[in-house]
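Quick notes on the structure that follows.
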Protein chains: 4
Amino acid sequence: MAGNSLGKEFVLTLFGESHGKCAGVVVDGCPAGLELREADVQRELDKRIPKGSGIVSSRIEEDKVEILSGTFKDRTTGAPIAMIVQNRDVDSRPYELIKDVPRPGHADYPAKVRYGGFNDYRGGGQFSGRMTAALVMAGAVAKKLLAGVGVEVLAYALSIGDVRSRTDLTCEELRASVYENPVRCGDRNAALLMEKSVRQAAESRDSLGGVVRVIAYDVPPGIGDPLFGSLDSELSQALFSIPAVKGVEFGSGFGAAQSKGSQNNDPLTVVKGNVAFRTNNAGGVLGGLSTGQEIVAQVAFKPTPSISRPQMSVDLQSMKETELNLAGRHDPCIVPKAVPVVEAMVSIVLADFMIRSGRILRILK
Amino acid sequence: MAGNSLGKEFVLTLFGESHGKCAGVVVDGCPAGLELREADVQRELDKRIPKGSGIVSSRIEEDKVEILSGTFKDRTTGAPIAMIVQNRDVDSRPYELIKDVPRPGHADYPAKVRYGGFNDYRGGGQFSGRMTAALVMAGAVAKKLLAGVGVEVLAYALSIGDVRSRTDLTCEELRASVYENPVRCGDRNAALLMEKSVRQAAESRDSLGGVVRVIAYDVPPGIGDPLFGSLDSELSQALFSIPAVKGVEFGSGFGAAQSKGSQNNDPLTVVKGNVAFRTNNAGGVLGGLSTGQEIVAQVAFKPTPSISRPQMSVDLQSMKETELNLAGRHDPCIVPKAVPVVEAMVSIVLADFMIRSGRILRILK
Amino acid sequence: MAGNSLGKEFVLTLFGESHGKCAGVVVDGCPAGLELREADVQRELDKRIPKGSGIVSSRIEEDKVEILSGTFKDRTTGAPIAMIVQNRDVDSRPYELIKDVPRPGHADYPAKVRYGGFNDYRGGGQFSGRMTAALVMAGAVAKKLLAGVGVEVLAYALSIGDVRSRTDLTCEELRASVYENPVRCGDRNAALLMEKSVRQAAESRDSLGGVVRVIAYDVPPGIGDPLFGSLDSELSQALFSIPAVKGVEFGSGFGAAQSKGSQNNDPLTVVKGNVAFRTNNAGGVLGGLSTGQEIVAQVAFKPTPSISRPQMSVDLQSMKETELNLAGRHDPCIVPKAVPVVEAMVSIVLADFMIRSGRILRILK
Amino acid sequence: MAGNSLGKEFVLTLFGESHGKCAGVVVDGCPAGLELREADVQRELDKRIPKGSGIVSSRIEEDKVEILSGTFKDRTTGAPIAMIVQNRDVDSRPYELIKDVPRPGHADYPAKVRYGGFNDYRGGGQFSGRMTAALVMAGAVAKKLLAGVGVEVLAYALSIGDVRSRTDLTCEELRASVYENPVRCGDRNAALLMEKSVRQAAESRDSLGGVVRVIAYDVPPGIGDPLFGSLDSELSQALFSIPAVKGVEFGSGFGAAQSKGSQNNDPLTVVKGNVAFRTNNAGGVLGGLSTGQEIVAQVAFKPTPSISRPQMSVDLQSMKETELNLAGRHDPCIVPKAVPVVEAMVSIVLADFMIRSGRILRILK
């Protein structure tokens, strides 16, 4: 079962582990001629780590991208782009504990079954959030491609625990504010409250979940296909690939299930000679196709499963219940790190669709 | 852009339209030796139509399956299984209206852009709910494969509008009750209220949405892979392929985003010498792998976009706003018809995973 | 193992059997707006049967195409195009013989192993040359797409048995002559000799093989990619999918293996201000990319394995050697029927590449 | 257009260039539990360079494999295996010449068109024979998987220029002799003559082509599928991915085109209670399925296009004919280096088929 590739014409292949040599990705199908320097990728990678915030894990990775192939004279060549970040700050000792005592909320137990015990359990191996660095590197390429056709993808923390952001944030506000605070929320007031909640959770040796909203601006109408080729089904596939995601919805989403057709249908209108919609309950997708409105999705993240409170588990050697006490470094809330990952995944899928639809050409000039 | 195939080793390819000759599907990769008669498929197809209920569209399709290939002496041969249902009860006249005036909430407008006006707009063409008959036919094959390895997939209407079903229904209760009422709800009391709500919506020329819950029983632990090959990302991709789906969540889903790690983590325990979990907030999936618990997902359906109330739209010829008055036959709520479709899609994805994992063999005896 | 689809953006999925209801194909990814009538497909299908020639099997199939989906008002809609030819002239009785006594040179024995005896052995089931009707139907769509961008694909019998065609035939000569003789050879003199050889083989209850040459005209330079994405590797994959093919070569092919670099390299030159080549030993492909010259391949077909001479085989029930005497209707040479099939396969692959490269747009006007 | 992946369940993704940082490959879908050390891969890599022979290019690459991911405690984990060889001995200066003057027989001209001039032209970039190191690394993993199920793949130089090897070499002879001589021919007498021919070609500043035969031993019957999923079509696709391949045939191949059915059909017989065949003109493949006999293919390689004789080309800046004089280091014959590459590609495809057929399990113990 080979499951580490995503996409049809813009194709990612992941490799790496949490405590191995690196996390890496091969991006195949990127058109030739795109300006791409390591600094372009580094800028996105840096968004994953709200530096000095104290609200994320104390594991300090330089996360310095190396482009191994696919560029020449600072432009893409049309050949696959391989990129890695090496793992440096690795302390694998705490993980011997979980070799036989699965952490609740983690993949430890099913992974042991799936791989017959041969999986690299250190730091969760390939199941680690560390793999999202690879996603963000690929996303950096996708974002540059999208920028060339005027599409921008922005995400932010819509909620963390009980704290909810304002939802009327403009593109400009998001651009200006999201990465200026450690919780990646576009609403500064909510950001402060979120930060406080996360610290409180950390103090009580617990963790919080949250929802990330992602918006794609200026996607032209008519991208996608019905049924299996639909924009929302491919986006959801990509979003559920992010560790800890438990739900995905577009537009009014689960809210639509409680509304009526007369409320939920978005009436069409004409603005400056073009078709427009009066509302966007559809989240920019109808029948699997983009409508020309903003594509809006919400992505639910569960609370970080690693908490330092004692938890009940099973010793798989003795097959007895046992109390698990996790040391190690854990993020009390995954959402801040997840925001750029969600941006990356949506960018990756949209870049693939834009290439397949002929809107991004195979040679860029 | 070819987007009408789904799966890796158990692969569906859809074809057909609402008002063309047929809706059809090719199922490739089904192991040889499975007993398969048209009656097996017909049984599933019949679940789509709550006969005589009056709560679904008056379009009466016989929906009689024809198996065109892939079986011999009532068993599968290992060759692709092509199946169709012919379209008979087709009245295309009302659809000339929407050729240039897109229905709000439908794919009419983006489809016109996507296909340059060449799409078959009658009845929504390939965007029609009619295509779900093809999904159910393929699902019938998947269900038979899963039955051979002891896996069962059941779905029911968890909510319609404001009415919510009990959620503590056992497998036996679901089996006995879901298809005994026209709204496909396992909770008989809720079913009566749902039915009433649907009729009220129909009377007020409006429509309702709802949520379908689907449960897969007895999936062994360790099915799936991390990241792109994860069980939840492939399931969500399949579920979002169903027309009108706006949200998908697993286990506690969006609720997990508001809970704490100490609440949301499912503690492990030992039951009869086997690993078990005390709760199932994970919905049976951790890190993309099955845990051995029931796989539980909720799927949000929007209210049927076709309503007979006047709605605002745009005449694409004159580019002027215009009021749209839809005649035609519409389901006031899509959820009852969607229940077997959700069952089918989950079965299809699980059959693919079970084949890939070697648990369903390529020759069945 | 699902192996009945081919292509990346222009994707075929085959279904059907020799003695089942039909042979069929779904073509996914055809751009919207292509004029396509059943007559367009029928014209290609008719090329498979050199009518009244007496040099092919006496099995008379009307081979009347039915388009089941994907067109509306005589144009493609962007939805998958399903097409079938029904099987009518089916006499399955002779095949009970081969159920347990595999025909030498046929797939009977490995198919029985592969499918555990569940395969449809009548007429070879899915292994039958009959499936090439499905390939030709798909090829008809591909040819129309290619015609829109000025690409033409022509094939002819280069050799049958010991008789070899002239090789200096122009595009115009091929167009005018190939389908005017029953052996599908562009060289009229050779055609007469080939026909004679085939009749002699038939009289001696034997069969002949041969080589089909295929030429694609006016493919622009730069189509393809290195390594796995190369034009030649995808073409060869498609060509080896045709039953009875045992060899594929491009340009000087196996001859190149005996030549020197100074002979085999094609020198570049300038013709009318454009890059050209003085020779075409490359067969129009260098490093997996089209050079702008004609793409030229030779495809070796083995002699028809079904011959009415007694042959040694094994009775799989008793596991004893036994003499097999085949009745039934057999082509003494497969090459004439194969010519349009080779044209179809090359057209299909080129259409896929032209779509992926953006040279065929997703909406045709 | 993403074309750098191959396989369905055992999937390779290539990256790297001749004069970039490295050549690399990601192998996805390798079962967990396979013993795999860098030394295992190094052994295969070393076969590419007939050390000290003087008959291959003087470019000296250490070609030292680094496994970047996918193993833990010297066993595969089920996660993707990324491997690279770094490029060290790189002299890119001679290649400035060819930036605008394409080498005859090379991909230089179509690559420039294909990638709009953005391709890495140094050493041919991704079109370089150097990329075959990546294929051999992946092949090393495939070979270990196949060894576990008793399948062995061996190749040898069947002919170089006019010199032809004996063809009755046994498996044991091949194992013992092929890599003991610099031309990789199992027949020691022919090897000496081949070596002489290669040296003569080098002295006359020319190059030679040749044919590689590859044999897969002990593949069980019934592997593969008809049509697009056939063993021969997937093998040919992989083989044509190797740079410089111009022809592929199975068994009697192009010879079959000149024989009669009564000669070419392989009669069945019984040996030690099992089905066997009296001859193997089929090359072990009938109808796309393995027959249980040895799978035998011949692969034609053209003479190395890089020769130091003056050749005519075109200056793409001035669009004038010009004489090209190549310096640089070139192999006078590619065949010796190609032998382990052909072995690798056949092993890779067979490993994929054996996984898909359930004969290689997803966890190895």
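Excluding same-chain pairs closer than 8 in sequence, count the lysine pairs in the range D:122-265 whose Cα atoms lie under 29 Å apart.
Going through the range D:122-265 pair by pair, I get 4.
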In degrees, nearest 10, the alpha-carbon axis of helix D:38-47 is tilted away from the dominant principal axis of the alpha carbons of chain D by 70 degrees
D:D46 versus A:K320, label points 7 Å from Cα toward the beta carbon: distance in nm?
5.0 nm
Plugging the Kirkwood radius over Cα pairs into Stokes-Einstein for the range A:156-304, at a temperature of 37 °C and a viscosity of 0.692 mPa s, what D comes out in µm²/s?
197 µm²/s
Quote the FRET efficiency, to the nearest 0.05, computed for A:A327 versus D:Y217 with a Förster distance R0 of 51 Å and r equal to the Cβ-Cβ distance.
0.45
Between the range B:292-357 and the range C:281-343, what is the separation of their alpha carbon centroids in Å?
48 Å
D:K272: which lysines have alpha carbons under 20 Å from its alpha carbon, excluding same-chain residues fewer than 8 sequence positions away?
C:K112, C:K320
Within the under-12-Å Cβ sphere about A:A2, not counting A:A2, Lys/Arg +1 and Asp/Glu -1 give a net charge of 0
Order of D:T132, C:T167 under a 10 Å beta carbon neighbour criterion, fewest first
C:T167, D:T132
GNM on chain A, C-alpha springs below 10 Å: top fluctuator among A:V153, A:V136, A:V113?
A:V113
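Residues with beta-carbon under 13 Å from that of B:Y115, excluding B:Y115: net charge, scoring Lys, Arg +1 and Asp, Glu -1?
Spelling it out: positives minus negatives among the neighbours equals +3.
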Taking C:T322, B:T71 and counting other beta carbon atoms within 10 angstrom, the fewest-first order is C:T322, B:T71
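What net charge do the residues around C:Q126 carry, taking every other residue with its C-beta under 10 Å from that of C:Q126, with Lys and Arg at +1 and Asp and Glu at -1? Intermediate values should be presented prior to the final figure.
On the way: positive: C:R130; negative: C:E17, C:D120, D:D225.
Neighbourhood net charge equals -2.
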Between chain C and chain B, with a rotation axis joining them, whose C-beta in C is nearest that axis, and what is the whole-Å distance?
C:T13, 2
Taking Cα atoms, the helix C:132-147 axis meets the longest principal axis of chain C at an angle in degrees (rounded to 10) of 10 degrees
Take every Cα pair under 8 Å in chain B that's 6+ residues apart, average their separations, divide by the length, and report that relative contact order as a whole percent.
23 percent
Could you work out the per residue convex hull volume over the alpha carbons of chain C, in cubic angstrom?
148 Å³
Taking each label point as 7 Å beyond Cα in the direction of the beta carbon, state the distances from A:Y217 to the same residue in the other copies, shortest first, in nm.
5.1, 5.2, 6.6
The protein assembly as shown: projected area of the alpha-carbon convex hull, averaged over directions, in nm²
49.0 nm²
How many nanometers, to one decimal and shortest first, lie between the label point of B:R43 and those of its other copies, if labels sit 7 Å from Cα toward Cβ?
4.9, 5.4, 6.0
So how tilted is helix B:188-203 from the main axis of chain B? Cα-based, degrees 0 to 90, rounded to 10.
20 degrees
Dividing the convex hull volume of the Cα atoms of the range D:117-223 by its residue count, what figure in Å³ per residue is obtained?
158 Å³
Build a GNM of chain B with springs between Cα atoms under 10 Å: which of B:Q86, B:Q293, B:Q200 gets the top mean-square fluctuation?
B:Q200
To the nearest 0.05, the calculated FRET efficiency linking C:V270 and C:K365 through their beta-carbon distance, R0 being 51 Å, is 0.90
Give a residue-ordered list of calculated ³J(HN,Hα) values for the range A:350-363 (Karplus: 6.51 cos²θ - 1.76 cosθ + 1.60, θ = phi - 60°; whole Hz; x for Gly, Pro).
5, 4, 4, 4, 5, 5, 4, 7, x, 7, 9, 7, 7, 10
Residue order, fewest to most beta carbons within 10 Å, for A:E203, D:E343, A:E9:
A:E203, A:E9, D:E343
Inter-copy spacing of B:Q200 label points, which lie 7 Å from Cα along Cα→Cβ, given in nm from shortest upward:
3.8, 9.0, 9.7
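Taken together, the values in this text are just the output of simple stated rules run on the coordinates, not laboratory data. All values derive from a computational prediction rather than experimental measurement. Cβ sites come from the backbone with ideal geometry, for glycine too, and all protein chains shown count toward neighbours.
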